[in-house]
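First up is the structure itself, then whatever we jot down about it.
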């Protein structure tokens, strides 16, 4: 099955060249791949993009840009709702904390990482040794190349690759359309098709105050894809769970996903209530609400998938197939006279042991997953202010240690990016943070109960609403200068004691109060879950490599991948859906629903409707394999031109976390032609069009 | 404390006359009480009302009327949104399934009920004996008087009273305003004050096709209450938990409420998503969405209350106080020479035993509360179609038994009301029911896990979404004639087998498939929870009567109660809130929020603003003790005139389920004057005004 379908989010250094040749008659050249790699952008706020000019201009989705649009907005100036355009470069707006990464090189370091872990080590020792060696590899690479260097865990522990990125932190907003057209249909049409969304935004990367030179970029296609065309998606899929064992998936179905949905619906309800109070409230909560609602819809689709007996049967079959094939290797090894590959002999027992090991992990995880999520992941504290407080507290404890011994996020090679986020001047709104924190504190109490010692520590003798009020009213962490002071950055007062020890800030005191318990949960998670799972999956990967070679791509890890497929429509309940929609369909749908939110169109579009060619293809779908994180990914044609900007999957694609199907599942992209047509006819954006097309 | 505050939802046959005299210098006469009783209306859809003319006209809230308004509406005709007025009686609209009850008489039957239960009986035997004797008392009363007869359990089992009601099932809609003004501020301002809501609606009760004669009614006050006035609320508070033990409250805090909020937020999210798809969808889902959102807000307030250490301390103190007082009685009894009241001697041990017994119940309940709620209460099946299917299945099994042996809802004295509901021709919408059922089936799977045998039975090899689609597409129970056929009503085909046995309706088959398990859970709940709790609370009530006499009112039971308090404002964060708002404030608030939903005003109000006296008092608050179910309750003055229509509490009043406070907690009512002003100036409703005022 895998061989003939278009499944796969492929590593850039291990692409299915033969498959592309056999099935699609396409010869992947090194130059094509190099341009795809150097032209692809990862936005660290979560999402993908691609350079579209030699002057650092890149395109992504409006909904990926929303994080920056929100942070650039102020009461009375709402860039998410109203859009933005900088006619000249001096008017481009610098984002307060946007960092983008461009992958330069991949090196396989599996041997180095595995060499550091000895079989006789306990889980805790193995985890620490692995963390140390990964930190060392990263640090050496950073020192040597000056590039952001991350060791990436692939196949849940089967391989380790070192990714080196060029990093840009001066990112400026160039263009965004109005939200009404960027996400026409809003939450209602999220993960649906047919779609009519101009979900694009343009930024420019700067270096040393001038536009970055980006010779590797994607030429904007004036025509876009035709039906049946082979297309490629180059971007950063976030996470998939296709190689997880059945026990892990059942744990997700019965524990993790219900808890997650409970949490998301709780947050969504609170954010909606906050938003409904006034237009200004709605503006403040816009990105939080969108990301929560989007996640809720995605996880709901995942849960339906895991509750589908057919999908679970398919997963069970795949797992049994792997064991069966391992048994066959062992059998053959024992039949063959003379020396054989020891992997053939051990494969069967390795597979069974690994599956059992991973199953045992799930039983342990049940006992503390909620506490871990609430406290260490921070679900109990749904405000960036708590995260900031925790970083302030922990950096004081961690930075004096050797880099390799620190919690991984404080390793030297990550510190610059971390501080860039930590000292962000992006605005926060006390009333919004109070509402969010009250909600998440209540959620913690709902999950753990009022007598739980952690709940008592966190609530400190108040009910959640009153406690949130006290924390938000009292904290000074809204001010980046205060954060700098607390981690003892230059310029902070230097008495005998550290500023963090003297702080009476209630958020800092809260972060301190829970830190010991929170670290304990983290250690438990690392040693009882992460490490044994990593070992189990590493063993399973060995068996899988033996059986399938490199024909199975690793699960997504928010690192650069290349997917491919064909632009084609599909059928739902007997109705054939074309592979693309048109501008005209947006106007028709809006009219049919009385132009009511979320099906209202921008005034600009209504006023200038007759200027537009209503037959212009607007959005299109293909079978290429994508997942969340791929938002904003360039969609390329055979010649490497940009023919679309991926922005969503349809609801049939929501099970792609677990299984790839191409019967109805599609990713959805903005058609390259529609962007040009809109920019030319509706927006005063001639310089932008010229930069994209040369015309 | 109880003695001096205005706490209490008092039984009409046991009113605090002395307290009213001492504190408020008010002499409660029998005539006053009789008029209050016979003038008060209970709407069986959930809510209260009061007669306001001798011709069966009664007033309630718009949000109580919403159930009927929804059922009278059709695509294109939306009475909830647009309101309604019948200028002449022949235009009044008959509600498809509204039943109202008017209390005629109360009799104490505690002795009869208790006599049927012998100390040596097991919990199961005791439960059955009690159910049988209650059914017998009700049936005898019904036969003798022709009145609806319900034995009401008071003090959670301390007393049993027989309530006899006159019943009306021909109820017709007279007037409702637009939703924009009925619930101005929507969910945002629900449970908030200041409020500006015209939350009223008028119906008329009919008998034999003509307006009912209702000589006991409340005269409509032209002036309404002044600051500091003593006011009474006569209505049907639903449930309170003030007399519950600490262990029970902790169980609510840590188990029942989190589960309930998880459920409500899940349903609310689904209903919102459904509503956002189109105006017609929003119309279909309006009452479901309102009731879910309203409950979510109320339960959220309860949870904050139970998570407030001060409130829990107060409850603990009260419980300890009761035990302490019981100990003192025992001590005194042992000191007094000669014969003493045996209750004095046993009080202390009774109290401790009862508290321990109720605590033990909570431990048992944890083990099956979710299954019970999902299956027997029906949380897994959030569609009336399942309830209908279950009634069809169970009536076939239950009706052949003796009335006393049946599940309580099928007792003879209840059958007429039950069938009235069951055969309701009110419209249902397949797409809405499908969305609701898919959501609740998913919720069941989230709570029990995919491997749970009940989940497997219910989902029958599909995922929840697909299963809901199959059930709704296949069922014929949308049609009342089909329901009649299935319970073998006259007119149904009569072969050898019962129609229910031959039915292939998938909803019927589902109801059958889970019935054995569901009944098992119910029996378990009755024997392991209800009966021991009832016995425990009966014992505690005995101790409480001994200590406090009748100065503590029983918890609310959706039966008629009288509360009283004074009309007075309160302070929030230093700001003084007046005891009433004005029409002018509604216009101001709407303007301030750009007239955006839910702060938009009806066109009629905007167009005719200058006709209105903007100083007219609109809503007012008092300290009287109310809870959900009191919606639509008449608020009366000393002379028994109607000065307001209760419609809400403020958020400080949400803890009133557990404790009464009057510092900030208030109920909120529509001022009688505002109704007249609006009817006179804005609505073409002169005949209605004349009927209310004689002018």
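The values are calculated or read from the model by the stated rules, or taken from the named source; none is laboratory data. Since the model is a prediction, treat every value here as computed from it, not as a measurement. Cβ atoms come from the backbone with ideal geometry, glycine included; neighbour counts cover every protein chain shown.
Among the residues of the stretch B:604-642, write down those that are out of contact with any helix residue (DSSP H, G or I) (no Cβ under 9 Å at 6 or more places or on another chain) and part of a helix (DSSP H, G or I). Selection gives B:607, B:610. Looking only at residues in the stretch A:161-210 that are out of contact with any helix residue (DSSP H, G or I) (no Cβ under 7 Å at 6 or more places or on another chain), in a loop (DSSP other than H, G, I, E, B) and touching a residue at least 12 places away in the same chain (Cβ under 8 Å), the one that is surrounded by the most Cβ atoms within 10 Å (Cβ to Cβ) is A:193.
Among the residues making up the stretch A:265-276, those that are more than 7 Å from chain B (Cβ to nearest Cβ) and surrounded by 23 or more Cβ atoms within 10 Å (Cβ to Cβ) are A:267, A:270, A:271, A:274.
Scanning the stretch B:438-449 for residues that are within 14 Å of chain A (Cβ to nearest Cβ) and part of a loop (DSSP other than H, G, I, E, B) turns up at least one hit. Within the stretch B:590-607, residues that are without any contact (Cβ under 8 Å) to a residue 40 or more places away in the chain sit with their Cβ atoms under 7 Å from residues that are part of a helix (DSSP H, G or I) and surrounded by fewer than 20 Cβ atoms within 10 Å (Cβ to Cβ), at 6+ positions apart or across chains, in these pairs: B:594/A:279; B:596/A:279.
Annotation: residue A:212 fulfils all but one of (1) within 14 Å of chain B (Cβ to nearest Cβ); (2) over 30 Å from residue A:659 (Cα atoms); the unmet one is (1). Screening A:160, A:168 for residues that are under 25 Å from residue A:243 (Cα atoms) and touching a strand residue (DSSP E or B) at 6+ places or on another chain (Cβ under 7 Å) leaves exactly one candidate, A:160. As a summary of the residue check, residue A:430 satisfies the conditions (1) closer than 26 Å to residue A:98 by Cα; (2) crowded, with 17+ Cβ neighbours inside 10 Å except for the one numbered (2). For the stretch A:349-400, how many residues are outside any helix (DSSP H, G or I), crowded, with 16+ Cβ neighbours inside 10 Å and free of Cβ contacts under 8 Å to residues at least 60 places away in the same chain? Qualifying residue count for the region: 1. Inside the stretch A:563-598, residues that are out of contact with any helix residue (DSSP H, G or I) (no Cβ under 8 Å at 6 or more places or on another chain), more than 27 Å from residue A:26 (Cβ to Cβ), surrounded by 15 or more Cβ atoms within 10 Å (Cβ to Cβ) and away from chain B (no Cβ under 14 Å) make up a count of 3. Would you confirm whether any residue within the stretch B:504-520 is under 20 Å from residue B:151 (Cβ atoms) and part of a helix (DSSP H, G or I)? Checked the stretch B:504-520: no residue is under 20 Å from residue B:151 (Cβ atoms) and part of a helix (DSSP H, G or I). With respect to being within 14 Å of chain B (Cβ to nearest Cβ), part of a helix (DSSP H, G or I), surrounded by 20 or more Cβ atoms within 10 Å (Cβ to Cβ) and modelled with pLDDT of 95 or more, residue A:289 falls outside the description.
On the given criteria, is residue B:153 under 25 Å from residue B:44 (Cα atoms), outside the structural domain of residue B:406 (by TED's automatic domain parsing), crowded, with 19+ Cβ neighbours inside 10 Å and more than 23 Å from the chain's Cα centre (by Cα)? Criteria not met by residue B:153. Only one of the numbered conditions (1) touching a helix residue (DSSP H, G or I) at 6+ places or on another chain (Cβ under 7 Å); (2) buried (at least 21 other Cβ atoms within 10 Å of the Cβ); (3) within 11 Å of chain A (Cβ to nearest Cβ) is not met by residue B:311, and that is (2). Between B:224, B:228, the distinction of being outside any strand (DSSP E or B), out of contact with any helix residue (DSSP H, G or I) (no Cβ under 9 Å at 6 or more places or on another chain) and not assigned by TED's automatic domain parsing to the domain that holds residue B:443 belongs to B:228 only.
Let's see how each residue does on (1) more than 30 Å from residue B:449 (Cβ to Cβ); (2) within 14 Å of chain B (Cβ to nearest Cβ):
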| site | (1), (2) |
| --- | --- |
| A:224 | yes, no |
| A:228 | yes, no |
| A:231 | yes, no |
| A:241 | no, no |
| A:247 | no, yes |
| A:250 | no, yes |
| A:257 | no, yes |
| A:263 | no, yes |
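Can residue A:670 be described as touching a residue at least 24 places away in the same chain (Cβ under 8 Å), in the same structural domain as residue A:182 (by TED's automatic domain parsing), out of contact with any strand residue (DSSP E or B) (no Cβ under 9 Å at 6 or more places or on another chain) and crowded, with 19+ Cβ neighbours inside 10 Å? In short, no. The numbered conditions (1) in the same structural domain as residue B:20 (by TED's automatic domain parsing); (2) in contact with a strand residue (DSSP E or B) (Cβ under 9 Å, 6 or more places away or on another chain); (3) surrounded by fewer than 22 Cβ atoms within 10 Å (Cβ to Cβ) are all true for residue B:301 except (1). Within the set A:642, A:614, the sole residue that is without any contact (Cβ under 8 Å) to a residue 60 or more places away in the chain and either in contact with a strand residue (DSSP E or B) (Cβ under 9 Å, 6 or more places away or on another chain) or buried (at least 20 other Cβ atoms within 10 Å of the Cβ) (or both) turns out to be A:614.
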